[in-house]
Amino acid sequence: MLFLKSLLLLPLLGFWRVNAGGCGDLQAEINGRCCDMCPPGEHVEVFCTRDRPTVCRPCGNGSFSNNYTVFDRCEKCQTCQQEYEEKCTATTDAKCLCDFGFLCSDNQCSSCEENKCVPGEKLKRREVTNGTVVTQYLYQCEPACPDHTYYDDQDQTCRPRTQCSALGLDELFSGNKSHNSVCDIQGLKNGNLVPMILGLSFAVFSVCFLVPFLLAVAYRRNLWRRKSNYLAELMVRHDVTNFHLSKEESGHQLVLQDETKDDNNPAQLHLGTDAGV
């Protein structure tokens, strides 16, 4: 934009040439003389003569100059349509912003246009250029999620829509790109109420009774296995042959008293381990 404004001022300054002859980087040849250019924040009031140097004047309110210049006026500050990110100064132009829900028309935010995308849509921006200079932004709204899904604004993610027919339910609302389907839970098809109730009842029974029962059985089996392992380990540690048993307990000799005999002269029958005794 500064370049275009500069071109408009060239006819007013047609009698000078920049950087001609042996002038310095911050000088311009004016009427055969090397005159100093005015610094940022100022503009040329009178060019140099044989007797005096270039006379510069500060930029007035609402104007700026951000480079060394030979122009006799400063650039006009940009006026923001909605908000100012930075105010204009003598050496810098203003920077603009748009309110929430509005979009900048170009890279300088020269004007603001309403964002027409709704929840469930994403904004796509295309740049219009003139050579390498961006002159305009064009906006287009596209679906944020693929087909048969909707955009969950709270979680900011795409979710599949509920298929009411797969649940045996009538569909009250088919859903869209921003809302899930709505099913009629009271309008069950083909008398499917009883099977659904039975299924839910079985699920509740399983959770409340069957699962605790199975857990109790598993616990008792585990407890019995632990006891069996403990007894087996105890038998290994204490060999039964190390215990001192009586003759009657060991089976080597069994003494039976003949109760038919006189108590003072008891008859004893000795049974040994041998088969012939």
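The values are calculated or read from the model by the stated rules, or taken from the named source; none is laboratory data. Treat the numbers as computed from the prediction; the structure is a model and nothing was measured. Using ideal geometry, Cβ is built from the backbone for each residue, glycine included, and neighbour counts are taken over all protein chains shown.
Each residue in the stretch 77-116 was checked for being within 28 Å of Gln140 (Cβ to Cβ) and either touching a residue at least 40 places away in the same chain (Cβ under 8 Å) or among the small types (Gly, Ala, Ser) (or both), and 5 of them qualify.
Taking first residues from the stretch 168-181 that are closer than 13 Å to Pro119 by Cα and partners that are aromatic (Phe, Trp, Tyr) and exposed (fewer than 15 other Cβ atoms within 10 Å of the Cβ), the Cβ contacts under 8 Å between residues at least 6 apart in sequence or on separate chains come to His179/Phe173.
Restricting Cys56, Cys48 to residues that are among the hydrophobic types (A, V, I, L, M, F, W, C), more than 30 Å from Asn107 (Cβ to Cβ) and not in a loop (DSSP other than H, G, I, E, B) narrows the list to Cys56.
Cβ-Cβ distances below 6 Å connect the following pairs, each with a first residue in the stretch 130-159 that is outside the structural domain of Ser174 (by TED's automatic domain parsing), a second residue that is among the polar types (S, T, N, Q) and exposed (fewer than 14 other Cβ atoms within 10 Å of the Cβ), and a separation of six or more residues or different chains: Val134/Asn107.
Inside the stretch 112-140, residues that are in a loop (DSSP other than H, G, I, E, B), out of contact with any Leu (no Cβ under 8 Å at 6 or more places or on another chain) and under 29 Å from Tyr151 (Cβ atoms) make up a count of 4. If you filter the stretch 126-147 down to residues that are surrounded by 11 or more Cβ atoms within 10 Å (Cβ to Cβ) and under 30 Å from Arg161 (Cα atoms), you find that the one that is modelled with the lowest pLDDT is Ala144. Every condition in (1) among the hydrophobic types (A, V, I, L, M, F, W, C); (2) closer than 30 Å to His179 by Cβ; (3) surrounded by 14 or more Cβ atoms within 10 Å (Cβ to Cβ) holds for Leu123 except the one numbered (3). Restricting attention to the stretch 109-120, the residues that are of a type outside the set (Gly, Ala, Ser) and modelled with pLDDT under 90 total 2.
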